[in-house]
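> Structure below; questions to follow.
Just so it is clear, none of the values below were taken in a lab; they were calculated from the coordinates. The structure presented is a predicted model; accordingly, all values stated were derived computationally and were not measured. Heads up, the Cβs are rebuilt from the backbone with ideal geometry, glycines too, and the neighbour counts pull from every protein chain shown.
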Amino acid sequence: EKMGVSEEDEPQIHTAHILIKAPQTDTPTLQVEGNTAEGGIVNATVEGQEELQGKKDEARKQAEKVLQELQTDPLRFAELAQEYSEDEGSAVKGGDLGYAVPSTYVQAYREAALALEPGETTSELVESEFGFHIIKLIDLKNPDDLRFKYSALQVCYQGASGCDSQLSKEEAQTKADELLRRVREEKIYSVERVWFNAVPDPWQETELDGRYFKHASVAYDQTNNRPYVAITFNGEGAKLFEELTEANIGKPIGIFVGGEFISSPTVQEKIAGGNAQITLGQPNPQLALKEANELARSLNAGSIPAPLKKPNELTIGASLGQQSLEKSIQAGLIGFLLLASFMILYYRFLGVLACLSLLIYGLLLVFVIQSEISPALAILFTFVLWIAFALRLFKSKIDFFAKCIFLTLSIVGVYFIFSVLVNPIVLTLAGVAGLILSISMAIDANILIYERMKEEFRAGKSFVSVVHDGFERAWSSILDSNVSTLITCGILNYFGSSFIRGFAVNLAIGIVISMFTAVTVSRIFLLLCHDTKLERISWLWKK
């Protein structure tokens, strides 16, 4: 029921102030200097007007100094209030007094506050019986033109607690359904619930509401494989959202659906185009995915202006994506078998060692993809890997300048490996394609080494010398080709879409591991064959 506004209704003002207390000069102050034993004389003096005026002048100077500092930098209001304000209750809150009706305050304070615009601060000191105020009007809420009187409708039936009705339960249900129909269809107002909060609402309403919202979906950041919520606005909503984010960089924006608080992401930068990402602070990937799905569902439900009806239910599984992923993995296994067959037929026992090194590569790859180890272990692992790479690099015969370049790039690679170890990788179709391609890169390194070894065998060198020189002379070629591919992966990851990023990240992971297995694991396998019967069978080595 609509009701008119009473003349006594006041607006609500949200103010903050800096108070420098000052004594009143119109009332003398009695100060006790001391007392004697029982029955003695109490000596007292009356503080004169001159002393009171002197203290008041000191307070005024202090307040003027604070006002001058504030005018130099208006954004320091809260900081100056905490430092100088003598109102202990509000000083700890940056001078904030919250919402109140103007009649709460003394006349001088009230008149000065009502003369301001929201966000404005008094340019002169405001004097009251408490001292000198510097007042800031944060917000002003005028009373609504109309108030509403709320009521609740209840239909009870015979036998219910506290009910004298003679209606049966079925009759009460029919009557309640009819009342509910009228509430929904007729032009009347209804209230589902009313709640009160003594804490002032910190959120300021904006024009951006569900009319401008299009869709929310869950996506993955391919750099760290963390889920986030992608939201999209229409053309008009994109402009409003851009203005809103530009004005609130570094501040949270509250999301309310149906009047209920959902989330408050912090604005990192101005967002244009109507597309944005809401990242989640939950460190657990499973819980983060659950939160992302719930947030996306809430946002999509809130953008629908009509009530939801569920005439039926249909569950659709993600079988298409699963089938495609399984076929991609099958294709990778078939490719590996064909590649292994070629290596064994062409390079004989060297091919067998290459296949063993590829198996080690596969185990390491699975470990890295599925790993979620502690940061301390990840740092230790990557540090040992980097030391091994650095030692290997400085032993190579490439020039010093090239060594410095590769060592600098390896630091970026170490950080990349660390981030992969502490966060599990989510395999997508594009990611599987990158991993399959990295297998060929691993074999490519073995082929370069083996061809060099064949040349050393023809030169009549010993087995150990052949292994050493073969790896040394092939290392520069392996390093150049793999680093150039890693640079390409970095460019794709930075500029590409989420689909391209998944390909680039997984290809980079595979390349880094393949370099390790081709150069280190294969070398260990070969040296294990030294001084054995296998070394003496020249046919096995295709000399």
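> Can you order the peptides 489-495, 514-520 by their average number of other Cβ atoms within 10 Å per residue, highest first?
On the way: 489-495: 15.6, 514-520: 22.3.
Taking the mean over residues of other Cβ atoms within 10 Å, the ranking is 514-520, 489-495.
> Highest mean first, how do 167-179, 473-485 rank when packing is the count of other Cβ atoms within 10 Å averaged over residues?
473-485, 167-179
> At 7 Å along Cα-to-Cβ for each site, give me the label-to-label distance between D221 and I344 in nm.
It works out to 4.5 nm between the two label points.
> Also, I was wondering about something else. With r as the distance between the Cβ atoms of L409 and L356 and R0 = 30 Å, compute the FRET efficiency 1/(1 + (r/R0)^6) and round to 0.05. Walk me through the numbers before you get to the answer.
Working: r = 29 Å, r/R0 = 0.97.
The value I calculate is 0.55.
> Quick check: residue separation of I329 and I249 times 0.36 nm, minus the Cα distance between them. What number comes out in nm?
24.4 nm
> On to the next question. Over 22 Å between Cα atoms: which of K93/K136; K403/K454; K214/K239; K21/K65 fall into that group? Show your work: numbers first, answer last.
On the way: K93/K136 14 Å; K403/K454 27 Å; K214/K239 14 Å; K21/K65 14 Å.
Violating the 22 Å limit, Cα to Cα: K403/K454.
> How far apart, in nm, are two points set 7 Å out from the Cα along the Cα-to-Cβ line at S123 and at S477?
Taking the simple label geometry, S123 and S477 are separated by 8.0 nm.
> Using Cα pairs under 8 angstrom and six or more residues apart, how large is the relative contact order of segment 449-526, in percent? Write down the numbers at each step before the final one.
Values: 47 pairs, mean separation 20.8, N = 78.
Relative contact order comes out at 27 percent.
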